[in-house]
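The values are calculated or read from the model by the stated rules, or taken from the named source; none is laboratory data. Worth saying up front: this structure is predicted, and the values here are computed from it rather than measured. Every residue, glycine as well, gets a Cβ built from its backbone with ideal geometry; the counts of neighbours run over all protein chains shown.
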Amino acid sequence: MANSVFCFLSQSLLALCCLTTAQAAPLERIAFPYQNAADLRGFLNVLAAFRAACLAQPVTRDLPAKLVPEGYQVVTRAVHWWGKENRSGPSLPDAAILSKTGREDSDLAGGYPIIDFMLPTAENPNSSCSVQWKRRWVQDYPDGPGQLVLDMAASLPARVSFYLKATLISKPDDAFVVIDRYSDVTSWQTECNKTKRCRFDVIASFDKEGIDITIASRGEVGK
(Lines give C-alpha, C1' and ligand atoms only; values in the text may rest on other atoms or scores of the structure.)
Protein backbone atom coordinates (compact mmCIF):
# COMPACT_ATOMS: atom_id res chain seq x y z
CA MET A 1 0.00 0.00 0.00
CA ALA A 2 2.79 2.41 0.96
CA ASN A 3 4.60 1.69 -2.31
CA SER A 4 1.43 2.42 -4.29
CA VAL A 5 0.91 5.72 -2.53
CA PHE A 6 4.57 6.65 -3.10
CA CYS A 7 4.32 5.82 -6.81
CA PHE A 8 1.13 7.85 -7.14
CA LEU A 9 2.66 10.88 -5.41
CA SER A 10 5.82 10.59 -7.50
CA GLN A 11 3.83 10.49 -10.74
CA SER A 12 1.69 13.43 -9.62
CA LEU A 13 4.73 15.52 -8.74
CA LEU A 14 6.34 14.64 -12.08
CA ALA A 15 3.22 15.67 -13.98
CA LEU A 16 3.00 18.93 -12.01
CA CYS A 17 6.67 19.63 -12.71
CA CYS A 18 6.21 19.04 -16.44
CA LEU A 19 3.09 21.23 -16.52
CA THR A 20 4.89 24.05 -14.70
CA THR A 21 7.84 23.78 -17.04
CA ALA A 22 5.59 23.88 -20.10
CA GLN A 23 3.76 26.94 -18.81
CA ALA A 24 7.03 28.70 -18.07
CA ALA A 25 8.60 27.89 -21.44
CA PRO A 26 10.08 31.06 -22.97
CA LEU A 27 8.45 32.59 -26.02
CA GLU A 28 10.19 31.94 -29.31
CA ARG A 29 11.37 34.74 -31.54
CA ILE A 30 9.25 35.62 -34.54
CA ALA A 31 10.58 33.78 -37.56
CA PHE A 32 9.89 34.53 -41.22
CA PRO A 33 9.48 31.08 -42.80
CA TYR A 34 9.87 32.19 -46.43
CA GLN A 35 11.92 34.51 -48.57
CA ASN A 36 10.65 38.05 -48.09
CA ALA A 37 9.56 38.50 -51.70
CA ALA A 38 6.78 40.58 -53.24
CA ASP A 39 4.43 37.64 -53.66
CA LEU A 40 2.71 34.98 -51.57
CA ARG A 41 5.95 34.16 -49.75
CA GLY A 42 6.28 37.64 -48.32
CA PHE A 43 2.59 37.81 -47.47
CA LEU A 44 2.81 34.53 -45.54
CA ASN A 45 5.70 36.01 -43.56
CA VAL A 46 3.44 38.92 -42.62
CA LEU A 47 0.63 36.59 -41.55
CA ALA A 48 3.06 34.49 -39.48
CA ALA A 49 4.44 37.61 -37.79
CA PHE A 50 0.94 38.94 -37.04
CA ARG A 51 -0.16 35.62 -35.59
CA ALA A 52 2.92 35.37 -33.33
CA ALA A 53 3.00 39.01 -32.25
CA CYS A 54 -0.66 40.00 -32.08
CA LEU A 55 -2.76 36.86 -31.59
CA ALA A 56 -0.76 34.32 -29.59
CA GLN A 57 -0.74 36.28 -26.31
CA PRO A 58 -1.70 39.69 -24.88
CA VAL A 59 0.70 42.57 -25.44
CA THR A 60 2.89 43.19 -22.38
CA ARG A 61 5.77 45.60 -21.94
CA ASP A 62 8.39 42.85 -22.10
CA LEU A 63 6.85 41.06 -25.09
CA PRO A 64 8.67 42.91 -27.93
CA ALA A 65 12.13 42.01 -26.58
CA LYS A 66 11.13 38.37 -26.33
CA LEU A 67 9.75 38.17 -29.88
CA VAL A 68 12.24 40.31 -31.84
CA PRO A 69 13.20 38.37 -35.01
CA GLU A 70 16.81 37.54 -35.74
CA GLY A 71 18.45 40.49 -37.47
CA TYR A 72 15.82 42.92 -36.15
CA GLN A 73 16.03 45.44 -33.30
CA VAL A 74 13.60 47.01 -30.83
CA VAL A 75 13.32 50.80 -31.17
CA THR A 76 10.95 53.48 -29.92
CA ARG A 77 8.51 55.20 -32.23
CA ALA A 78 10.51 58.45 -32.11
CA VAL A 79 13.71 56.68 -33.17
CA HIS A 80 11.84 54.79 -35.89
CA TRP A 81 10.29 57.99 -37.27
CA TRP A 82 13.02 60.58 -36.72
CA GLY A 83 16.20 58.66 -35.93
CA LYS A 84 16.44 60.00 -32.37
CA GLU A 85 14.43 60.54 -29.24
CA ASN A 86 12.55 63.81 -29.68
CA ARG A 87 12.32 64.79 -26.04
CA SER A 88 11.59 68.44 -26.80
CA GLY A 89 8.81 67.66 -29.26
CA PRO A 90 5.29 66.27 -28.80
CA SER A 91 5.05 63.23 -26.58
CA LEU A 92 4.27 59.96 -28.32
CA PRO A 93 2.31 57.01 -26.95
CA ASP A 94 4.51 54.34 -25.40
CA ALA A 95 5.43 51.96 -28.21
CA ALA A 96 8.02 49.40 -29.25
CA ILE A 97 8.82 48.80 -32.92
CA LEU A 98 10.49 45.66 -34.22
CA SER A 99 12.51 47.01 -37.12
CA LYS A 100 15.02 45.54 -39.55
CA THR A 101 16.93 48.78 -40.12
CA GLY A 102 15.89 50.89 -37.14
CA ARG A 103 14.18 53.53 -39.32
CA GLU A 104 10.73 53.59 -40.92
CA ASP A 105 11.89 55.03 -44.25
CA SER A 106 14.61 52.42 -44.79
CA ASP A 107 12.34 49.58 -43.60
CA LEU A 108 9.74 50.59 -46.18
CA ALA A 109 12.32 51.14 -48.90
CA GLY A 110 13.84 47.73 -48.23
CA GLY A 111 10.47 46.00 -48.18
CA TYR A 112 10.88 44.68 -44.62
CA PRO A 113 7.86 43.92 -42.39
CA ILE A 114 7.48 46.34 -39.45
CA ILE A 115 5.93 45.02 -36.22
CA ASP A 116 4.41 47.75 -34.06
CA PHE A 117 3.38 47.34 -30.41
CA MET A 118 1.43 50.03 -28.58
CA LEU A 119 2.40 49.18 -25.01
CA PRO A 120 0.08 49.22 -21.98
CA THR A 121 0.78 51.72 -19.21
CA ALA A 122 -0.66 52.31 -15.74
CA GLU A 123 -2.58 55.30 -17.09
CA ASN A 124 -3.75 53.49 -20.22
CA PRO A 125 -3.90 49.68 -19.87
CA ASN A 126 -5.11 49.26 -23.46
CA SER A 127 -2.59 47.98 -25.99
CA SER A 128 -2.51 47.22 -29.70
CA CYS A 129 -0.37 45.45 -32.25
CA SER A 130 0.07 45.64 -36.01
CA VAL A 131 2.28 44.46 -38.85
CA GLN A 132 2.98 46.67 -41.86
CA TRP A 133 4.61 45.52 -45.10
CA LYS A 134 5.29 47.54 -48.21
CA ARG A 135 7.36 46.13 -51.05
CA ARG A 136 7.91 47.07 -54.68
CA TRP A 137 7.53 44.44 -57.39
CA VAL A 138 10.80 45.50 -59.03
CA GLN A 139 12.72 44.28 -55.96
CA ASP A 140 11.88 40.71 -56.94
CA TYR A 141 10.38 40.96 -60.45
CA PRO A 142 12.47 43.37 -62.56
CA ASP A 143 10.40 42.54 -65.65
CA GLY A 144 7.13 43.48 -63.95
CA PRO A 145 4.62 41.65 -61.78
CA GLY A 146 2.56 40.13 -64.60
CA GLN A 147 -0.57 38.58 -63.11
CA LEU A 148 0.64 38.95 -59.51
CA VAL A 149 -1.35 42.14 -58.93
CA LEU A 150 -4.57 40.38 -59.87
CA ASP A 151 -3.67 37.18 -58.00
CA MET A 152 -2.69 38.89 -54.75
CA ALA A 153 -5.77 41.12 -54.73
CA ALA A 154 -8.30 38.44 -55.70
CA SER A 155 -6.99 35.78 -53.31
CA LEU A 156 -6.32 38.03 -50.30
CA PRO A 157 -9.57 37.30 -48.38
CA ALA A 158 -9.26 33.54 -48.90
CA ARG A 159 -5.65 33.55 -47.71
CA VAL A 160 -6.36 35.65 -44.63
CA SER A 161 -9.27 33.36 -43.75
CA PHE A 162 -7.26 30.17 -44.26
CA TYR A 163 -3.93 31.06 -42.68
CA LEU A 164 -5.33 32.99 -39.70
CA LYS A 165 -8.44 30.80 -39.31
CA ALA A 166 -10.42 34.03 -39.46
CA THR A 167 -14.03 34.94 -40.22
CA LEU A 168 -14.83 38.03 -42.30
CA ILE A 169 -17.19 40.31 -40.37
CA SER A 170 -17.26 43.28 -42.75
CA LYS A 171 -19.46 43.29 -45.84
CA PRO A 172 -17.73 41.50 -48.73
CA ASP A 173 -17.49 43.05 -52.16
CA ASP A 174 -20.44 42.28 -54.40
CA ALA A 175 -18.15 41.64 -57.37
CA PHE A 176 -14.49 41.59 -58.32
CA VAL A 177 -13.54 43.79 -61.26
CA VAL A 178 -10.19 43.71 -63.06
CA ILE A 179 -8.63 47.18 -62.68
CA ASP A 180 -5.17 48.76 -62.40
CA ARG A 181 -5.27 49.38 -58.65
CA TYR A 182 -6.96 47.42 -55.86
CA SER A 183 -7.43 48.74 -52.34
CA ASP A 184 -9.69 47.50 -49.60
CA VAL A 185 -10.24 47.54 -45.84
CA THR A 186 -11.73 44.40 -44.31
CA SER A 187 -12.55 43.45 -40.72
CA TRP A 188 -12.07 39.98 -39.29
CA GLN A 189 -12.44 37.88 -36.17
CA THR A 190 -10.33 34.95 -35.01
CA GLU A 191 -9.09 33.10 -31.93
CA CYS A 192 -6.48 34.90 -29.84
CA ASN A 193 -4.79 34.71 -26.45
CA LYS A 194 -5.50 30.93 -26.44
CA THR A 195 -9.19 31.15 -25.42
CA LYS A 196 -10.45 34.55 -26.59
CA ARG A 197 -11.76 36.02 -29.82
CA CYS A 198 -10.10 39.08 -31.32
CA ARG A 199 -10.93 41.52 -34.11
CA PHE A 200 -8.43 42.75 -36.65
CA ASP A 201 -8.43 44.85 -39.80
CA VAL A 202 -6.58 44.27 -43.05
CA ILE A 203 -5.75 47.41 -45.03
CA ALA A 204 -4.34 46.41 -48.41
CA SER A 205 -3.53 47.92 -51.76
CA PHE A 206 -1.95 46.47 -54.90
CA ASP A 207 -0.97 48.41 -58.00
CA LYS A 208 1.69 48.50 -60.71
CA GLU A 209 4.27 49.74 -58.17
CA GLY A 210 3.88 47.10 -55.49
CA ILE A 211 2.19 45.82 -52.33
CA ASP A 212 1.15 47.83 -49.27
CA ILE A 213 -0.47 45.88 -46.43
CA THR A 214 -1.18 46.63 -42.77
CA ILE A 215 -2.81 44.08 -40.45
CA ALA A 216 -3.89 45.68 -37.17
CA SER A 217 -5.36 44.07 -34.07
CA ARG A 218 -8.48 45.74 -32.63
CA GLY A 219 -8.56 43.86 -29.33
CA GLU A 220 -10.69 41.17 -27.80
CA VAL A 221 -14.33 40.86 -28.75
CA GLY A 222 -16.56 42.27 -26.02
CA LYS A 223 -13.99 44.70 -24.62
Residue under evaluation ASN193, criteria (1) surrounded by 11 or more Cβ atoms within 10 Å (Cβ to Cβ); (2) modelled with pLDDT under 95; (3) more than 21 Å from ALA48 (Cβ to Cβ), criterion not met: (3)
Being of a type in the set (A, V, I, L, M), modelled with pLDDT of 95 or more and assigned to a loop (DSSP other than H, G, I, E, B), is that true of even one residue in the stretch 93-101? no
Condition met for ASP174 (farther than 14 Å from CYS54 by Cβ and free of Cβ contacts under 8 Å to residues at least 12 places away in the same chain): yes
Can you find a residue that is within 16 Å of the chain's Cα centre (by Cα), crowded, with 18+ Cβ neighbours inside 10 Å, part of a loop (DSSP other than H, G, I, E, B) and on the phi > 0 side of the Ramachandran plot anywhere in the stretch 152-174? no
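Table: residues versus (1) among the small types (Gly, Ala, Ser); (2) touching a residue at least 24 places away in the same chain (Cβ under 8 Å); (3) assigned to a helix (DSSP H, G or I).
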site: ALA31; (1), (2), (3): yes, yes, no
site: TYR34; (1), (2), (3): no, no, no
site: ASN45; (1), (2), (3): no, yes, yes
site: ARG51; (1), (2), (3): no, yes, yes
site: PRO58; (1), (2), (3): no, yes, no
site: ARG61; (1), (2), (3): no, yes, no
Note on LEU40: of the conditions (1) surrounded by 14 or more Cβ atoms within 10 Å (Cβ to Cβ); (2) modelled with pLDDT under 95, unmet is (2)
